Each structure stands twice: as structure tokens, then as C-alpha cells.
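In what follows, a single structure is set out as C-alpha cells and then discussed.
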């Protein structure tokens, strides 16, 4: 079983070596035979890539470096890491941070539920109430935020924003991050709505090495995370979300129209009064009805989205299998050429042509995975992302 450890990086040359040094070796993880480290260069302007490459060569660890030409943010770097790990035929994927916040020595415990087929996603619970450098107000917001995610997603994750997590291969194929701020909450929602098994294990955190780049202030973080939760909930449960939005308008409309009807029955002065209540109540009921109508339309769109996600899952799986097949074909061709050479056949007789590219335009054709003569053989393309293989 192959484990890929992905580390999104943005100018992490100082903290990355310690993060890499804490990573376990294959013999330390039950059920894992091979480990590959995937570094995601999210537009770094320092020596992060050089530090990672030197560490990989010095420690004889298989490594891949995926590069963004500019900084795209944590969510995009996370998705690029998943795509790269899947391309490298990983059975289990672990995501951790480059600032050494999460303990690499607990990775064996993190992946065990997946190795034993007891879970599809495992999240490290930082036990935020015990973190000393968290202020009391930050601890409360962390607790309230995780509770909101549990309520709206239907999961039982105690630490929803922890980035220390492990995924099975099938789970990674099924995840599609569309938000730009952070992947943590969205992946929990997606996994829960797809009925995947999610579990958590308690972990500790290392001392702080630098200030968080994602959290630029408590209130800014609460505002953006709250908007993310609402947006993701509306995307996955649109009918419920729009019903909740329309409920206050329905309640106001019913109460105000009821007031108008009450006075119309009880007052016998021969005239119709309180017409303002009728107008206000009618307008509120119409607004509530329109919001519910939007909810029905959004629900139909959500059904189409699920069909598209299922199709995308199957397409990605087929592309990866096709890539593996083409790589096997190239290996077989090399063996045939070597065998012909050993038998003394002339090179120009009965040439064996390499398999033609599949031409699917998605970055997985043979022409893109196998560079032309003269090109750097360690550089490959995955969906327009350059990936460098670091080997001895």
C-alpha cells in the first residue's frame, strides 16, 4: 500500500525542514509499503523548493514537487496536491501543514482507520481547549464553529478546521474543492453528504513557529468561515436552506394578514380598515413564496450537480487507469527492445511503435506524461501543473 504525504507550501523554507524530518518511514506504519512526499509550491518566492529537493536527495525519499506559477491560495493548493497524489498512484493521502503545526509522528495513527478499512476520512482533533497559545475567545469560536459544521453537515467531527487529515484513494477521487478560502469545511460537507465514513483521532500540536496566514483576525475569520458554511450548506441542501430563508417572511405575512382578518371580523363600523396590514402581509407572503420557488430551482440544479460529480469521479478514475496502462505499455516496450538487443536483432527491423496518445486534452495523455527527447524527464504535466520527480 502506497502512502502520499502532501504539504502545501508558500514561502516555508524555515519551517519545512523540521516538518519533513518528523515524517515517518514506511516501516513505522502498519500496512504501508511505500511513502512519497508531495510538495505543492503555491507560488513560493523563497528557497522552499530548493530546501525540499535537497532534503529529498539527502534522505533518499521519493518526492514530487507540484508548482503553481503564482499564489492561488490554500484550497487550490490542496486540490492540486490531491490530483498529484492520485496521479502517483497513492492508496492513502495525508495532508499536513508546512509550518510544523501538526506532529508528523502521529501519521501512523492517523492512517490506521483507513488501512483497516474502518474509515474513508480521518481528521486529527487538536483538542483546541487544551492549546495554550489559543486565546479564550478563539477557543470559543473554534468550538462554536465546529458545532455549526456538525449540525449543518450531519457529521460528528470535533475539530472541523483541522488540516491534519487522511483520505482513502476513493475519497480523494470523490472530492472536488470549489471554494477559494479553505478546503477544511467543504471536504467534511462533501464526505458527509456522500455517506463516507468520517472519524477523528486526538492529537497534540507543536509549538507555534509563525503566525497563521489564513487567520488574519478573529472577526475576519469568523465572517469568512460563516459565509463559507452558509454557501456550502446552500449548495448541498438548497431546499432546506431556502426554506429557512423564507420562513421569517411566511411568519410575518401570516401574522400581519391574520391581524387584518381579526380586526375585519371584530370591528363592525361598516368600513375596511388596517389596509396597510393587508399590503404588508401580502408582500411578505409573496417574497416567501418566491424564495421557496428559488429553492426548488436550486434543488433541481443540485441534483444535476450530483450527476456531474458522479460523472467526474468516473472520468478521473478512467484517466488514472489509462495512465497506468500506458506506463505499463512503455515499460513493456522497453523490455522488448532490450530483449531484441540481447538476441542480436538489428535495431531497424520490426520496429515497435509506442502507443498513441489518448488525446483527451486533460493533461493525462501519453505525449504529456512522457516528455519528448531532450526535455527534462523529471518534469511532467498534470492538468497544466508542472510536477517534478525528485530522485537520486
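Per the Cα gyration tensor, the range 71-171 maps to an equivalent ellipsoid with semi-axes of 24, 16, 15 Å, ordered largest to smallest. Dividing the mean sequence gap of close Cα pairs (under 8 Å, 6+ apart) by how many residues the range 1-89 holds gives a relative contact order of 36 percent. When the Gaussian network model of the chain links Cα atoms closer than 10 Å, the mean-square fluctuations of 58, 306, 340 top out at 340.
Per-residue ellipticity at 222 nm computed for the chain from its helices equals -17000 deg cm²/dmol, with DSSP H segments shorter than 4 residues left out and the rest contributing -39,500 (n - 2.57).
The tail of the calculated P(r) for the chain beyond 39 Å holds 32 percent of all Cα-Cα pairs.
For the range 237-355, would you read off the P(r) tail past 20 Å as a percentage of all alpha carbon pairs? So the portion of pairs separated by more than 20 Å is 70 percent.
Computed extension gain for residue 54 through residue 147, at 0.36 nm per residue and net of the alpha carbon distance, reaches 29.2 nm. Projecting label points 7 angstrom from Cα along Cα→Cβ for residue 47 and residue 231 puts them 3.8 nm apart. A crude spin-label estimate for the pair residue 222 and residue 254, with each label 7 Å from Cα along the Cβ direction, gives 3.2 nm. Based on the Kirkwood radius over alpha-carbon pairs, what value in µm²/s does the Stokes-Einstein equation return for the translational diffusion coefficient of the range 176-307 at 4 °C and 1.567 mPa s? In µm²/s, the coefficient rounds to 68. A straight chain from residue 1 to residue 25 at 0.36 nm per residue would run longer than the Cα-Cα distance by 7.3 nm.
Label positions at residue 331 and residue 386, each projected 7 Å from the Cα along the C-beta direction, are separated by 2.8 nm.
Taking the three principal axes of the alpha carbon atoms in the range 140-220, the coordinate ranges are 34, 27, 25 Å, sorted in descending order.
Can you tell me the orientation of helix 74-87 relative to the chain, as the angle in degrees between its alpha-carbon axis and the longest Cα principal axis, to the nearest 10? Approximately 40 degrees, to the nearest 10. Axis angle, to the nearest 10 degrees, between helix 218-236 and the longest C-alpha principal axis of the chain: 90 degrees. Does the range 1-43 come out rounded, prolate or oblate, given a ≥ b ≥ c as the square roots of the eigenvalues of its C-alpha gyration tensor, rounded meaning a/c under 1.5 and, failing that, prolate meaning a/b above b/c? It comes out oblate by the Cα gyration axes.
Taking a temperature of 10 °C and a viscosity of 1.306 mPa s, what whole-number D in µm²/s does Stokes-Einstein yield for the range 2-235 with Rh from Kirkwood over alpha carbon pairs? Rounded, D is 89 µm²/s. Taking 0.36 nm per residue of separation and subtracting the current Cα-Cα distance, fully stretching the chain between residue 33 and residue 263 would add 74.9 nm.
Relative to the longest principal axis of the Cα atoms of the chain, the long axis of helix 136-153 makes an angle of roughly 90 degrees.
The numbers here are math on the coordinates, done by the rules we state, and not lab data. Because the structure is a prediction, the values reported are computed rather than measured. Glycine gets a Cβ as well: all are built from the backbone with ideal geometry, and neighbour counts include every protein chain shown.
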